[in-house]
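Trainee: Here you go, one structure.
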Amino acid sequence: MIFTVTLNPAIDHFVRLDRVELGTVNRASSDQKVAGGKGINVSKVLKRLGHPSETMGFIGGFTGRFIKETLEQEGITANFTEIASDTRINIKIQADQETEINGASPRILEEDLKNLITQLERLKAGDQLVLAGSVPETIKDTIYMTLTEEARKRKADVFIDSSGRAFEYAIKAAPTFIKPNHHELAELFETGPLTPKESLPYVKELLKKDIKYVLVSFAGEGAVLGTREGIYFANTPKGELKNSVGAGDSVVAGFLAALSENKSTVDAFKFSVAAGSATAFSEGFCQREDVEELMKEINIINLEEGV
Ligand SMILES: Nc1ncnc2c1ncn2[C@@H]1O[C@H](COP(=O)(O)OP(=O)(O)O)[C@@H](O)[C@H]1O
Ligand SMILES: O=P(O)(O)OC[C@H]1O[C@](O)(COP(=O)(O)O)[C@@H](O)[C@@H]1O
């Protein structure tokens, strides 16, 4: 069973207009409100790829109810811990350029956290746990490390997409799979911007920490996958960028789905990058047929034999 944890979900409020002018009234040509947050997005994409999952994390208030109701309408199991504060709203302005204004995170109490950790006692060998997105301020930065340790005690695999201190701690617990984008990798190693080739030593450093799959995404410039068997580069297909929100989550979902389908590591890599780009080329999330189509445009080269 696949479980996704979103500690800091959101209603994603997409607002579309030709251009934005600060200090005045801007009127949207259209807008849309959807349940969002990285773990929730992974579950949404997994469903489109044909894989059920259960969403967990913290929701509260009327915004939290919206998230639970819309996920259940989409046929996605929502098993969230209810908190007292309202779940945040993240504004995604899609104008001449994409601008995001992510709301402040709600207050999470100690007992809320205990409830979530208790839920994870169900994990068993063969399960996958996805930990994705930012960590609310009132939760310690070590939370992803703690949850990864809990999951590994129960022989479940852990897939992480996060950033900053929470990500730094999480890699100490040796999750199965991590997907930093290249900015997050540079931030982790305190370097300047990295090209795929320049990322190699850092990918190897992470592999030495007993992380099985290190996937670094470079938006439209390709992606790097490090494994014990080898380090690979995938080009990203060309296409019209319509909406990058959820693209990273689609890479995580694509890789997880492909492994669940017993695809080879290289094919799982291809499938995950195709899923990311198929989402980037859509208003919403990718559909499976688009992913299968884009796979044909992706070539994998071996940057280096195993480490
Ligand atoms: N301009 C683009 N053209 C094609 N694919 C893209 C583009 N931007 C993003 N993608 C796809 O989305 C994936 C994740 O994008 P990226 O921005 O690296 O991650 P994140 O959304 O986590 O920051 C990429 O690996 C790629 O497959
Ligand atoms: O674009 P990505 O990185 O795949 O994730 C998009 C999701 O992440 C969010 O921007 C939240 O990100 P954070 O959890 O890092 O605050 C959501 O609003 C959105 O649904």
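Trainee: Quick one: 3J(HN,Hα) in Hz for the range 148-162, Karplus 6.51/-1.76/1.60 with θ = phi - 60°, rounded, Gly and Pro as x.
Mentor: The phi angles translate into 5, 4, 4, 5, 5, 4, 9, 6, 8, 8, 10, 10, 10, 10, 8 Hz.
Trainee: Let me ask another. Give me the one-decimal nm value for the distance between modelled label points at residue 99 and residue 30, 7 Å along each residue's Cα-to-Cβ direction.
Mentor: For the pair residue 99/residue 30, the computed spacing is 2.2 nm.
Trainee: Turning to a different aspect of this structure: Could you name the aspartates and glutamates in cross-link range of residue 92, using Cα to Cα under 17 Å and dropping any fewer than eight places away on the same chain?
Mentor: Partners found: 12, 18, 21, 31, 100, 249, 283.
Trainee: Just add up the charged neighbours of residue 50: K/R +1, D/E -1, any other residue whose Cβ is under 12 Å from the Cβ of residue 50.
Mentor: Details: positive: 47, 48, 288; negative: 261, 289, 292.
Computed value for this residue: 0.
Trainee: A further question follows. Taking the Cα centroid of the range 1-68 and of the range 151-195, what is the distance between the two, rounded to the nearest whole Å?
Mentor: Cα centroid to Cα centroid, the span is 22 Å.
Trainee: So which lysines pass the test for residue 197, namely a Cα distance under 30 Å, with those fewer than 8 places away in the same chain ruled out?
Mentor: 38, 172, 179, 208, 209, 212, 238, 242, 263, 270, 296
Trainee: Please state the shape class of the range 187-230: rounded when a/c is under 1.5, otherwise prolate if a/b exceeds b/c and oblate if not, all from the C-alpha gyration tensor. Please report the intermediate quantities before stating the final value.
Mentor: Working: a/c = 2.13, a/b = 1.31, b/c = 1.63.
Here the range 187-230 falls in the oblate category.
Trainee: Can I ask one more? Check residue 213: other-chain or 5+ apart residues with amide H under 5 Å from its amide H, H built from backbone geometry?
Mentor: The list, which skips near neighbours in sequence, is 177, 178.
Trainee: Next question. Rank by packing, highest mean first: peptides 17-24, 279-286, 213-220, with packing defined as the count of other Cβ atoms within 10 Å averaged across residues. Numbers along the way, then the final one.
Mentor: Working: 17-24: 9.0, 279-286: 20.6, 213-220: 22.6.
My ranking of the peptides, most packed first, is 213-220, 279-286, 17-24.
Trainee: Hey, what do the phi angles of the range 187-192 turn into as Karplus ³J(HN,Hα) couplings, whole Hz, using 6.51/-1.76/1.60 and θ = phi - 60°, x for Gly and Pro?
Mentor: These are the phi-based 3J(HN,Hα) values: 5, 4, 9, 6, 10, x Hz.
Trainee: What full-extension length gain, to one decimal in nm, is calculated for residue 302 and residue 77 as 0.36 nm per residue of separation minus the Cα-Cα distance?
Mentor: Separation in residues times 0.36 nm, less the Cα-Cα distance, equals 77.1 nm.
Trainee: I need the shape label for the range 32-143. Rule: rounded when a/c is under 1.5, else prolate if a/b > b/c, else oblate, with a, b, c from the alpha carbon gyration tensor. Can you show the working numbers first?
Mentor: Numbers: a/c = 1.64, a/b = 1.16, b/c = 1.41.
It comes out oblate by the Cα gyration axes.
Trainee: Let me check against my output: what whole-number percent is the relative contact order of the chain, with C-alpha pairs under 8 Å and at least 6 apart? Walk me through the numbers on the way to the answer.
Mentor: Values: 669 pairs, mean separation 45.4, N = 307.
With pairs under 8 Å counted, the relative contact order is 15 percent.
Trainee: Here's another thing I want to ask about it. Amide H neighbours of residue 3 under 5 Å, at least 5 residues apart or on other chains, H built in the peptide plane: list them.
Mentor: 54, 128, 129, 130
Trainee: Report, for the range 1-79, the % of DSSP beta bridges that are antiparallel, rounded to 5.
Mentor: Details: 7 of 13 bridges.
Counting DSSP beta bridges with both partners in the range 1-79, the antiparallel share is about 55 percent.
Trainee: OK, next. If you take every DSSP beta bridge fully contained in the chain, what fraction is antiparallel? Give it as a percent rounded to 5. Mind dumping the intermediate values first?
Mentor: On the way: 25 of 55 bridges.
Bridges in the chain that DSSP calls antiparallel: roughly 45 percent.
Trainee: When only C-alpha pairs under 8 Å and at least 6 residues apart count, what is the relative contact order of the range 72-136, in percent? Walk me through the intermediate numbers first.
Mentor: Numbers: 40 pairs, mean separation 17.6, N = 65.
Result for the range 72-136 is 27 percent.
Trainee: On to the next question. When a/c is below 1.5 the answer is rounded, else prolate if a/b is larger than b/c, else oblate, so apply that to the range 112-214 with a ≥ b ≥ c taken from the square roots of the Cα gyration tensor eigenvalues. Working shown, then result.
Mentor: Numbers: a/c = 2.75, a/b = 1.59, b/c = 1.73.
Cα axes put the range 112-214 in the oblate bin.
Trainee: On a straight-distance basis, which aspartates and glutamates could pair with residue 124 in a cross-link, Cα separation under 12 angstrom, same-chain partners fewer than 8 positions away excluded?
Mentor: Straight-distance partners of residue 124: 150, 157.
Trainee: Explain nothing, just compute: Karplus ³J(HN,Hα) = 6.51 cos²θ - 1.76 cosθ + 1.60, θ = phi - 60°, for every residue of the range 265-277 in order, whole Hz, x for Gly and Pro.
Mentor: Computed from phi, the couplings for the range 265-277 are 4, 5, 5, 5, 5, 4, 4, 5, 5, 5, 5, x, 6 Hz.
Trainee: Counting helices only, and only those DSSP H runs with n ≥ 4, report the 222 nm mean residue ellipticity of the chain as the sum of -39,500 (n - 2.57) divided by its residues, in deg cm²/dmol to the nearest 500. Kindly include the intermediate steps, with their values, before the conclusion.
Mentor: Details: 10 runs with 105 residues, N = 307.
My calculation for the chain gives -10000 deg cm²/dmol from helical runs alone.
Trainee: If you stretched the chain out fully between residue 287 and residue 69, how much longer would it get, using 0.36 nm times the residue separation minus the C-alpha to C-alpha distance? Don't skip to the end; give the middle numbers.
Mentor: Details: separation 218, 0.36 × 218 = 78.48 nm, distance 2.22 nm.
76.3 nm is the gain from fully extending residue 287 to residue 69.
No value in this document is a laboratory result; all are computed from the given coordinates. Every value quoted in this text rests on a predicted model; they were computed, and no experiment measured them. Backbone-built Cβ (ideal geometry, glycine too); neighbour counts: all protein chains shown.
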